[in-house]
Amino acid sequence: MQVSKTILITGVSSGFGRALAQEALASGHTVVGTVRSPQAKRDFESLSARSAFGRILDVTDFDAIDGVVSEIEASVGPIDVLVNNAGYGHEGVMEESPLSEMRRQFDVNVFGAVAMMKAVLPFMRTRRRGHILNITSMGGFITMPGIAYYCGSKFALEGISEALSQEVKHLGIAVTAVAPGSFRTDWAGRSMTRTPRSIPDYDDVFDPVRQAREQKSGKQLGDPRKAARAMLAAIAADNPPVHLLLGSDALGLVRGKLSALEDEIRAWETVTVSTDG
């Protein structure tokens, strides 16, 4: 029998956050979802009169996060699971993309997630139980031209998740970095910000990647509801994984990256060990 839990999910208006909230509610869990407007809060709470609780919060409002989490603990109940889902994709060639775009990408995808983790950890640590899921991306393992800032943010969140898991495991707290491949969410559509193109030298490497992404948008292999069920399986597991890939495309691409990395390490092994002593 599945134990009912209180799950706090950031960004439940669409995409993975919405799908996970719906599947979690259907499974009997209580879900607190963060949104960014009163209308979105009403829409979310209409999913369940008794089990869906909306909270208005922008994860980049770092000063507000502790208070919101404390209020949830006091009024809804102990947070068993935090799911850092809020995030977006930035598309742009690095040389063309201003640093302000990188700051915004990292504020949402990394600093917002870390601020949420820091807010829930004192409560989970006191109870000696809890689970944090960070939605990263296969872009936290592999890269492609035109999304350098996005991949950088997801590589960062993968590393932070793995290190944190080592810090808190003995306290009864699990950390799982969930890395989806291509799914039928709005990541490549409305949710993506794009820096305007300006340097023709990059056309040959950038344009085919953008065209392929646009052609695939809405027709991706991944089903967000099945991703949600996979995440619920990880939440229910006695020994949840530190890294969880979602999607056969993510599996193939990440395995290919790891294989190529091993080949490169082997090719340069003599130079690598030449620095000892």
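Tell me the net charge near H170. Cut-off is 15 Å between Cβ atoms, H170 excluded, with +1 for each Lys or Arg and -1 for each Asp or Glu. Show your work: numbers first, answer last.
Working: positive: R125, R127, R128, R129, K169; negative: E167.
Its environment carries a net charge of +4.
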By its C-alpha gyration tensor, with a ≥ b ≥ c as the square roots of the eigenvalues, how is the stretch 58-139 shaped: rounded for a/c under 1.5, else prolate for a/b larger than b/c, else oblate?
prolate
Can you grab the distance from the C-alpha centre of the stretch 92-136 to the C-alpha centre of the stretch 236-277, Å, no decimals?
23
What are the ³J(HN,Hα) couplings of the stretch 99-106, residue after residue, when phi is run through the Karplus curve with 6.51, -1.76, 1.60 and θ = phi - 60°? Round to Hz, x for glycine and proline.
4, 4, 5, 5, 4, 4, 4, 6
Longest principal axis of the chain (C-alpha) makes with the long axis of helix 62-75 (C-alpha) an angle, in degrees to the nearest 10, of 30
Using amide H atoms built 1.01 Å from N in the peptide plane, name the residues 5+ places from G130, or on other chains, whose amide H lies under 5 Å from its own.
A174
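Rounded, prolate or oblate, given the Cα gyration tensor of the stretch 206-277, with a/c below 1.5 counting as rounded? If you can, show how the numbers build up before the last one.
Numbers: a/c = 4.25, a/b = 1.42, b/c = 3.00.
Cα axes put the stretch 206-277 in the oblate bin.
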If you line up the long axis of helix 224-236 against the longest principal axis of the chain, both from Cα atoms, how many degrees apart are they, to the nearest 10?
70
Potential lengthening between T143 and A49 on full extension [0.36 nm per residue; Cα-Cα distance subtracted]:
29.6 nm
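Could you work out the local net charge near L20, counting Lys and Arg as +1, Asp and Glu as -1, over the other residues with Cβ closer than 12 Å to its Cβ?
On the way: positive: R18, R225, K226, R229; negative: E23.
Local net charge: +3.
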For 211-220, 261-270, ranked highest to lowest by mean beta-carbon neighbours within 10 Å, the order is 211-220, 261-270
Of (i) 23.4, 74; (ii) 19.0, 57; (iii) 19.5, 67, which is the value of Rg and Dmax of the Cα atoms in Å derived from the coordinates here?
(iii)
Any residue on another chain or 5+ positions along whose placed amide H is under 5 Å from the amide H of R55 is listed here as G33, T34, V35
Name the long-range amide H neighbours of S191: under 5 Å, sequence gap of 5 or more, or other chain; modelled H, no Pro or chain starts.
none
What is the angle, in °, between the Cα long axis of helix 148-168 and the longest principal axis of the Cα atoms in the chain? Nearest 10 is fine, range 0 to 90.
50
Give a residue-ordered list of calculated ³J(HN,Hα) values for the stretch 256-264 (Karplus: 6.51 cos²θ - 1.76 cosθ + 1.60, θ = phi - 60°; whole Hz; x for Gly, Pro).
x, 4, 5, 5, 5, 5, 5, 4, 5
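Given K118/K169; K154/K219; K169/K226; K118/K154, which pairs have Cα atoms separated by over 21 Å?
Working: K118/K169 15 Å; K154/K219 23 Å; K169/K226 27 Å; K118/K154 18 Å.
Over 21 Å apart, Cα to Cα: K154/K219; K169/K226.
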Using θ = phi - 60° and the Karplus curve 6.51 cos²θ - 1.76 cosθ + 1.60, what whole-Hz ³J(HN,Hα) does each residue of the stretch 133-140 get, with Gly and Pro shown as x?
10, 10, 7, 9, 4, 4, x, x
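Bear in mind these aren't lab numbers, they're just calculated from the coordinates by the rules spelled out. As the structure is a computational prediction, the values presented were derived from the model and not from experiment. All Cβ positions, glycine included, derive from the backbone under ideal geometry; neighbour counts span all protein chains shown.
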